[in-house]
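Encoded as structure tokens, the structure appears first; notes follow it.
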Amino acid sequence: MNKSLCRISGEPLTEVLDLGSQPLGNGFLAKDEFQKEYSYRMAMGFCDTSKMFQLIEQPTPEQMFHENYAFYSSTSSYMEQHFLEFADYVKGSQYLSRNDPFVVELGCNDGIMLKNFSSEGIRHLGIEPSRNVAEVANTKGVRTLSEFFCESVAEKIVREEGRADAFLAANVMCHIPDMNGVVKGIRTMLKPTGVVMFEDPYLGDVIEKTSYDQIYDEHVFLFSAHSVQYMFGLQGMELIDVLPQKTHGGSMRYVLAHIGAYTVNDSVVRLLQKEKAIGLDRLETFENFRRNVEQSRSDLVKLLREIKSKGKRIAGYGATSKSTTILNYCNIGPDLIEYISDTTPIKQGKFTPGMHIPVKPYDAFQKNPPDYAVLFAWNHAEEIMAKEKAFMGAGGQWIVHVPKVQVF
Ligand code: TYD
């Protein structure tokens, strides 16, 4: 496939943002791996036909989701709560049949959501390409296949287990380059009354907050209601509901069904109108976004240099994939940020992708706090502020870049 064509419509993409040479967002690595570190040019394009905002080039899924993939969902208590609520929403919805419902989740990670179905004996199946993560789910009693989902996998599941009432995905769909193949697979998997419910970071929030750190190798698409409607429309499906979510700095839950199976909720009409009003369907919006991203970079670098020139110490809080984009795009290394504290054991003792800032356990932050902490996990701000009273009480200050670069 020509890399400059839209993955959904096949029409030419217009390049709107170049974030330079970037490593894998979640590719935390050891010193002896620096030499062979992978990088690629990370640029985004917009398709005027599908309205899809997408990466122009992307590493292969095998490069990204491998044996040592360093992301386990169940590391945040807020996310645990969120997935409990998502599961409750599904169970309480009109879409599950009363008699032996079957729920499938794509990219179930370590079972953070499906365990809420398995614990009640609801028939379920997780599909998770990272084998190490899938094993964790299985040991928690969440029945999980380690596969890359596509139409033939869907057909196999239908043959062996029947069609699904609900097909769920959270922070997964935007990762999948062969989206048309996956949407075909979803259509195959669903009963005539079945629904797909998925959520991902919402393009409207990204544009509004200049949160360009949502762009990294794994996020091949940033969806809007317009682009989701288009890509499912190609397979005879339509949006029937949309529900904004606070997670990941602003996400959207999309509910879709076979065309005509359900009444379309007013929320869909309202969101499509709002997206037109803020220009998510137009190229100029993305050109303006690029200017805002460039401004954000110069503001952040200027601020960090000023702080450093006063002899103050700066650390990062949360070695997120998002931080990889910021650090590499802004060329921020260990000269400006001493270390990044992170609670995920598999990241600790490693270095950040590309810029090679040491990742230290949370303990390091507590024992030897910096003067300033860059809140790279800004999407968890509420949870973090609640537990970092001691840091703030001792005069520690936060730096964030969304919705604009600021200290607080
Ligand atoms: P996440 O929100 O998944 O961001 P991304 O998708 O960009 O990788 O990751 C949050 C990271 O922040 C994760 O590595 C755990 C870490 N973290 C902390 O170190 N302390 C905290 O209190 C929280 C909430 C997260």
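The values are calculated or read from the model by the stated rules, or taken from the named source; none is laboratory data. All values reported here derive from a predicted model rather than from experimental measurement. In this analysis, Cβ positions are derived from the backbone assuming ideal geometry, glycine residues included, and neighbour counts consider all displayed protein chains. Heads up: the accessible areas ignore ligands, DNA and RNA and are worked out on the full protein's heavy atoms, side chains in. Shrake-Rupley method; radii C 1.70, N 1.55, O 1.52, S 1.80 Å.
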* Structure fact -> Of the candidates Arg41, Arg7, the one satisfying the condition of being more than 16 Å from the ligand (Cβ to nearest atom) and surrounded by 15 or more Cβ atoms within 10 Å (Cβ to Cβ) is Arg7
* Could you tell me whether the stretch 10-18 includes any residue that is assigned to a loop (DSSP other than H, G, I, E, B), within 16 Å of the ligand (Cβ to nearest atom) and within 23 Å of Ser211 (Cβ to Cβ)? => no
* Select from the stretch 361-376 the residues that are part of a helix (DSSP H, G or I) and open to solvent by 40 Å² or more (accessible area, probe 1.4 Å) and write down the one among them that is nearest to the ligand (Cβ to nearest atom). => Tyr362
* Any residue at all in the stretch 390-401 that is over 30 Å from Phe289 (Cα atoms), of a type outside the set (A, V, I, L, M) and within 14 Å of the ligand (Cβ to nearest atom)? -> yes
* To do: Could you figure out which of (1) under 22 Å from Leu96 (Cβ atoms); (2) touching a Leu at 6+ places or on another chain (Cβ under 9 Å); (3) among the polar types (S, T, N, Q) isn't true of Thr188?
  => (2)
* Total residues in the stretch 122-164, condition of a type in the set (Gly, Ala, Ser), within 22 Å of the chain's Cα centre (by Cα) and open to solvent by 40 Å² or more (accessible area, probe 1.4 Å) -> 1
* Structure fact -> Over the stretch 275-304, the set of residues surrounded by fewer than 19 Cβ atoms within 10 Å (Cβ to Cβ), aliphatic (A, V, I, L, M) and in contact with a Gly (Cβ under 8 Å, 6 or more places away or on another chain) is Ile278
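To keep it simple, each residue is scored yes or no on (1) more than 16 Å from the ligand (Cβ to nearest atom); (2) of a type outside the set (A, V, I, L, M, F, W, C); (3) part of a strand (DSSP E or B).
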residue	(1), (2), (3)
Pro129	yes, yes, no
Ala154	yes, no, no
Asn180	yes, yes, no
Gly185	yes, yes, no
Val206	no, no, no
Asp213	no, yes, no
* Structure fact -> Scanning the stretch 330-345 residue by residue, the ones that are surrounded by fewer than 24 Cβ atoms within 10 Å (Cβ to Cβ) and either more than 7 Å from the ligand (Cβ to nearest atom) or in a helix (DSSP H, G or I) (or both) total 10
* Residue check: is Glu105 touching a Leu at 6+ places or on another chain (Cβ under 9 Å) and charged (D, E, K, R)? -> yes
* Asked: Any idea which of (1) within 14 Å of the ligand (Cβ to nearest atom); (2) crowded, with 22+ Cβ neighbours inside 10 Å is the one Met385 doesn't satisfy?
  -> (2)
* To do: Can you confirm whether the stretch 21-34 contains a residue that is modelled with pLDDT of 95 or more, open to solvent by 40 Å² or more (accessible area, probe 1.4 Å) and closer than 16 Å to Phe221 by Cα?
  => no
* Asked: Do we have any residue at all in the stretch 346-360 that's over 26 Å from Arg41 (Cβ atoms) and away from the ligand (no atom under 15 Å from the Cβ)?
  -> no
